[in-house]
Amino acid sequence: MHFINRLNRKMDIPSKYNPASTESKWYKYWMEQGFFRSEPDDREPYVIAIPPPNVTGVLHMGHMLNNTLQDVLARRQRMLGKNVCWVPGTDHASIATEARVVAKLREEGIDKNDLSRDEFLEHAWRWTEKHGGIILEQLKRLGASCDWERTLFTMDDLRYRSVIRVFVDLYNKGLIYRGVRMVNWDPEAKTAVSDEEVVYTEEDSKLYYVKYRIAGSDEYITIATTRPETILGDTAVCVNPADIRYKHLQGKKVIVPMVNREVPVISDDYVDMDFGSGCLKITPAHDINDYEIGQRHGLEIIDIFNPDGTLSSEAGLFTGSDRFEARKLSVSLLREEALLEKVENYRNKTGRSERTNAVIEPKLSMQWFLRMAEISKPALEAIINSDINIYPPKFKNVYRHWMENVRDWCISRQLWWGHRIPAWYFSSTGYVVAANEEDALALARKVTGNKELSSSDLRQDEDVLDTWFSSWLWPISCFNGILEPDNDDINYYYPTNVLVTAPEILFFWVARMIIAAYEYRDMKPFSDVYLHGIVRDKERRKMSKSLGNSPDPLDLIGKYGADGVRVGMLLCSPAGNDLLYDDSLPEQGRNFANKIWNAFRLVKGWELDSGIEEQPPWSAEAAKWFGNRLNEAIRQYNRAFDKYRISDALMIVYRLFWEDFSSWYLEAVKPDYRKPVDSKTYTCTLDFFDKLLRLMHPFMPFITEEIWQMMEERDKGLSIMVSDMPDAGKVSSTVLKDFENARMIVSAVRNIRKKNNLPAKDQLDLLVSKKTIDDELPFRNLIKRLANVSDIEYVPGKPGDSVCFMVGTSEYYILMGGRIDVASELEKLEADLKYYRGFLDSVMKKLGNDSFVNNAPAKVIELEEKKKSDAKTRINALLDRINDLKGKG
């Protein structure tokens, strides 16, 4: 009795759920109780390392989706008894952060070029300290259950030293080298970027047909180019050796337009005879293919661009002009000199910097590279052999294709903000690589044999490392596994369990983390990779501030509540597919929260009479069914999580609560108006509610905590987030099947009421044909209550003045007492007859197909025969009923 009283304690439950006060209250409680904190212990660990957002960033829709998914996984595993460690942190984001700091300085009237490196870094660190924690605080509003005491930064001391140690190690292994190579140059950021940081888009362009005069004659050849400004750097003209049109030109020279430079005509199989005129201008300094041709033929290299994309003095013309302005000037000069034959509209792929959107300039540059061919092999095998699983699996082949065609990684960036390359130069060409200046000096003395060298003779490399060169160590460096490879944390928490990220960084982050893991731990960094889609608007455009189609996530939380937004984001976010967002999604999530709240108010509003000893038979039947349905749903829910079908798991519990629990179970067991409820029904209902809350908690942490705490008196320190996830008990398929039959009967009776305008409060007589059902009707009492029928009687034949309906092959009748609409009923029956005749035809075609009958399993044939028999039974019953009604008409 004490337990019942605790459950039914009277309280003031507000009529409306208030997310704002609830969310701040319970997040503070969770933090105070240390529920997010993790330390190594005897439990099985469950570990997620957050994809670190940019330190300069603020919460956007992509972060919302990504971190909601991680939090769902973390909260569920915590309730399964795991020692969950979700490590938060931020990325120093070299290019993005430096651009922000440079822009801020410009607003203050300060030019970066007027500052020393140390002065600039002081500004950058101040900016980082001011803005660095914003996005993490915003994640708390979402409900993220990270272990905030473990918050990291990719340029904090341990992470910084880890990156430097790895660079030195890889250099000493011969895997890092320095050399002049053609790189992707971002003129806006003034740095090299990797192949994976270049985004190619189809753009409108022009194809310019330019005349090159053959030296020593008045003859011209025409060459098509999209970049006339690069003519200034031409050092050859190339034709295909098989092209008979230009056999006479091989070995001759041509005059480069505008600069009047004599260059050779060379032949190479690379040239496409069908593109343009079949002649190719060769600019080795500004095109990767031209560079490779130039290397094969020993051509001169003329670099006509400055790092900012303006023309250099080497160009000979238009010095200081922007490259696109130089294009216009080149076209004008070519026209003036009568060397521009024609111009055509052309559509080609343009590479743009993923960070700044600037058009990428192929540029020869001295850079640092990591050899990828050998070091990548274990990371490819790990995916092929399924040591690491990718969800959805379709991305496995995408990953494999990239890894089988991997190129050396340009790891240097011409920036100041980042991990400075630990190379020290002691002469114009000589250098050493070491973790610090002291080690570098000792090494330089050894290499040169000059013991008189001092620190002032050393000059450290000005470049920093690619941001991804720190991020690729993230699962290891989160637990200081580089500097202390045998510490307690790395031994307990590593490898992590799952990485949740987007497909667009599968290559330059996910693959590289796997590479680093096998190089430095000789094991995988995580067991699973879960790839979610991109958040887009209804027109499938990627959300961005510039398009004005990206709502502020914090505004959404303020309007719909964190739980509403979380549910909205996940309702239509299948793994790997893009989420098409509009405000109806979080609105649906908020409506679901209100549904849960109202159901709780309904149950807690019942008056309990512990003196009622017997549970009503319909309540007992409802409990029997819902207990089985709940167990079935828990199994489905667990299977969905096992396959990372997280949206499916949400939909399972969403429908379970809204349709099964609220619309059917509560409708069946709620006491009549002003009547009390018995203790058994009440206790059973709250037990179901408690399990439902636990299933919903990973998706909706705030409202489930609020209701769980209100269900009964709880001791301080208890929380739904550390309670046990419900186990799936036994499931009777018979019970579930019988209830579905009962549900269809109730729905049919309700439809007849609606079509014939019969008041819901009026009890009806329900009759069952003895010819079509032999056994006692399951869930008889539940049917009577939910359909509001006085009794269910068995009759030998069709009673007069009744409406017939069928469930399965069984016939049911509602006595109408003169209230039947014959015309309407005939219309319905004729439609049903047409359907079942069509259905029977399709079954008969299958059974009449010898190939099907001879090859299908016996069980399949048996099922088709049953379909045939059932369809014939229904058709006969419908014909009898139609004839009967027509006779009355």
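The values are calculated or read from the model by the stated rules, or taken from the named source; none is laboratory data. It should be emphasised that the depicted structure is a prediction, and the values quoted were computed from it without experimental measurement. Glycine also receives a Cβ, built like all others from the backbone with ideal geometry; neighbour counts cover every protein chain displayed. Note: areas computed on protein heavy atoms with side chains; ligands, DNA, RNA excluded. Shrake-Rupley method; radii C 1.70, N 1.55, O 1.52, S 1.80 Å.
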| Accessible area of residue 322, 1.4 Å probe, to the nearest 10 Å²? | 70
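For segment 634-748, rounded, prolate or oblate, judged on the Cα gyration tensor with a ≥ b ≥ c (square roots of eigenvalues), a/c < 1.5 rounded, else prolate if a/b > b/c? If you can, show how the numbers build up before the last one.
Values: a/c = 2.03, a/b = 1.12, b/c = 1.82.
Oblate.
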| message | Here is the link list: 691/754; 595/643; 173/394; 680/771. Which ones come out longer than 30 Å on Cα distance? | response | 691/754; 173/394; 680/771
| query | If you stretched the chain out fully between residue 343 and residue 195, how much longer would it get, using 0.36 nm times the residue separation minus the C-alpha to C-alpha distance? | reply | 50.2 nm
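Can you figure out the FRET efficiency of residue 317 with residue 104, using R₀ = 35 Å and their beta-carbon distance, to the nearest 0.05? Present the calculation step by step, with values, prior to reporting the outcome.
Values: r = 37 Å, r/R0 = 1.05.
That pair, residue 317 with residue 104, gives E of 0.45.
How would 400, 76 line up by accessible area, probe 1.4 Å, largest first? Intermediate results must be reported in sequence, preceding the final value.
Numbers: 400 105, 76 20 Å².
Heavy-atom accessible area, descending, gives 400, 76.
What is the gain in length, in nm to one decimal, between residue 172 and residue 407 on full extension, counting 0.36 nm per residue of separation less the C-alpha to C-alpha distance? Can you show the working numbers first?
Details: separation 235, 0.36 × 235 = 84.60 nm, distance 2.03 nm.
Difference between extended and current length: 82.6 nm.
Quick check for me: using +1 on Lys/Arg Cβ and -1 on Asp/Glu Cβ, what's the dipole size of segment 449-599 about its Cα centre, in debye to the nearest 20? It would help to have the intermediate numbers written out before the result.
Values: 15 positive and 23 negative charges, 170 e Å.
The calculation lands at about 820 debye.
Dipole of segment 643-783, Cα-centred, from +1 at each Lys and Arg C-beta and -1 at each Asp and Glu C-beta, to the nearest 20 debye? Each step should come with its number before you reach the end.
Numbers: 22 positive and 22 negative charges, 133 e Å.
In debye, rounded to 20, segment 643-783 gives about 640.
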| Which cross-chain or sequence-distant (5 or more) residues have an amide H under 5 Å from the amide H of residue 529, H modelled 1.01 Å from N in plane? | 389, 390, 391, 499
| said: Of 88, 99, 162, which is farthest towards the positive pole of the chain's charge dipole, taken about the Cα centre with +1 and -1 on the beta-carbons of Lys, Arg and Asp, Glu respectively? | reply: 88
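Could you work out the local net charge near residue 784, counting Lys and Arg as +1, Asp and Glu as -1, over the other residues with Cβ closer than 13 Å to its Cβ?
Spelling it out: positives minus negatives among the neighbours equals -2.
Would you please give the FRET efficiency between residue 262 and residue 554, computed as 1/(1 + (r/R0)^6) with r the Cβ-Cβ distance and R0 = 56 Å, to the nearest 0.05?
Numbers: r = 65 Å, r/R0 = 1.16.
Result of the calculation: an efficiency of 0.30.
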| said: Taking θ = phi - 60°, what integer Hz values does the Karplus form 6.51 cos²θ - 1.76 cosθ + 1.60 yield along segment 472-477, in sequence order, with x for Gly and Pro? | reply: 5, 9, 3, x, 8, 5
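Are any of the pairs 190/446; 104/206; 349/542 more than 25 Å apart by Cα-Cα distance, and if so, which? Don't skip to the answer; put the middle values down first.
Details: 190/446 35 Å; 104/206 37 Å; 349/542 20 Å.
Among 190/446; 104/206; 349/542, the Cα-Cα distance tops 25 Å for 190/446; 104/206.
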| request: Give me the distance in nm between label points sitting 7 Å out from Cα along the Cα-to-Cβ direction at residue 598 and residue 538, one decimal. | output: 2.5
| message | How much accessible area per residue does the chain have, counting only protein heavy atoms and a probe of 1.4 Å, in square angstrom? | response | 45
| field | For residue 152, distant residues with modelled amide H under 5 Å away | value | 89, 90
| Around residue 636: net Lys/Arg minus Asp/Glu count, Cβ-Cβ under 13 Å | +2
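To the nearest 0.05, what FRET efficiency results for residue 884 and residue 841 with a Förster distance of 25 Å applied to their C-beta separation? List each step's numbers first, then the result.
On the way: r = 25 Å, r/R0 = 1.00.
FRET efficiency, residue 884 to residue 841: 0.50.
Over the chain, what is the relative contact order in percent, taking alpha-carbon pairs closer than 8 angstrom and at least six residues apart?
Numbers: 1470 pairs, mean separation 111.5, N = 889.
Computed over the chain, the figure is 13 percent.
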| Over segment 761-812, what is the mean sequence separation of C-alpha contacts under 8 Å (at least six apart), divided by residue count, expressed as relative contact order in percent? | 50
| said: I need to check one value: relative contact order of segment 440-576, counting alpha carbon pairs closer than 8 Å and at least 6 residues apart, in percent. | reply: 19
| message | In Å and on Cα atoms, what radius of gyration and Dmax does segment 477-537 show? | response | 13.3, 47
| said: Output wanted: per-residue J couplings in Hz (rounded whole) for segment 176-192, from phi through Karplus 6.51 cos²θ - 1.76 cosθ + 1.60, θ = phi - 60°, x for Gly and Pro. | reply: 10, 9, 10, x, 7, 9, 6, 10, 7, 9, 9, x, 6, 7, 6, 8, 6
| Which pairs in the list 730/859; 112/559; 16/130; 140/524 are over 32 Å apart, alpha-carbon to alpha-carbon? | 112/559; 16/130
| Whole-Hz Karplus ³J(HN,Hα) for segment 311-323, in order, using 6.51 cos²θ - 1.76 cosθ + 1.60 and θ = phi - 60°, x for Gly and Pro? | 7, 8, 5, 5, 5, x, 9, 6, 4, x, 6, 5, 4
| remark: Note: residue 823 to residue 374 extended length (0.36 nm per residue) minus current alpha-carbon separation gives 153.6 nm
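Quick one: net charge of residue 445's neighbours, Cβ under 14 Å, K/R +1, D/E -1? It would help to have the intermediate numbers written out before the result.
Working: positive: 446, 451; negative: 437, 438, 439, 452, 457.
Residues near residue 445 contribute -3 overall.
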| field | Eligible lysines near residue 834 by straight Cα distance, threshold 18 Å, same-chain separation 8 or greater | value | 845, 867, 868, 872, 886
| remark: Listed by chain and number, the residues whose amide H is under 5 Å from that of residue 346, excluding neighbours fewer than 5 places away on the same chain and using placed H, are 205, 206, 207
| said: Please report the spacing between the Cα centers of segment 171-243 and segment 696-722 in Å, no decimals. | reply: 63
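Give the shape of segment 69-182 as rounded, prolate or oblate, defined through the alpha-carbon gyration tensor: a ≥ b ≥ c are the square roots of its eigenvalues, a/c under 1.5 means rounded, and otherwise the shape is prolate if a/b is larger than b/c and oblate if not.
Values: a/c = 2.87, a/b = 1.38, b/c = 2.08.
It comes out oblate by the Cα gyration axes.
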| What residue among 240, 372, 507 has its Cα farthest toward the positive end of the dipole of the chain, where the charges are +1 on Lys, Arg and -1 on Asp, Glu, each on the Cβ? | 507
| task | Quick one: check the C-alpha center-to-center distance for segment 125-152 versus segment 529-606, whole angstrom. | result | 22
| the chain - charge dipole about Cα centre, Lys and Arg +1 at Cβ, Asp and Glu -1, debye rounded to 20 | 2760
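How large a share of the accessible area of the chain, in percent, is made up of carbon and sulfur atoms when the probe is 1.4 Å and the other protein chains stay in place?
Values: 18940 of 40120 Å².
The value for the chain is 47 percent carbon and sulfur by accessible area.
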| Label point 7 Å beyond Cα of residue 872 along Cβ direction - residues of segment 813-850 with amide nitrogen under 13 Å | 840-841, 844
| request: Obtain the nm distance between the two label points defined at residue 436 and residue 744 by a simple spin-label model: each point lies 7 Å from its Cα along the Cα-to-C-beta direction. | output: 7.8
| query | In nm, to one decimal, how far is the modelled label at residue 386 from the one at residue 801, with both set 7 Å along Cα→Cβ? | reply | 6.7
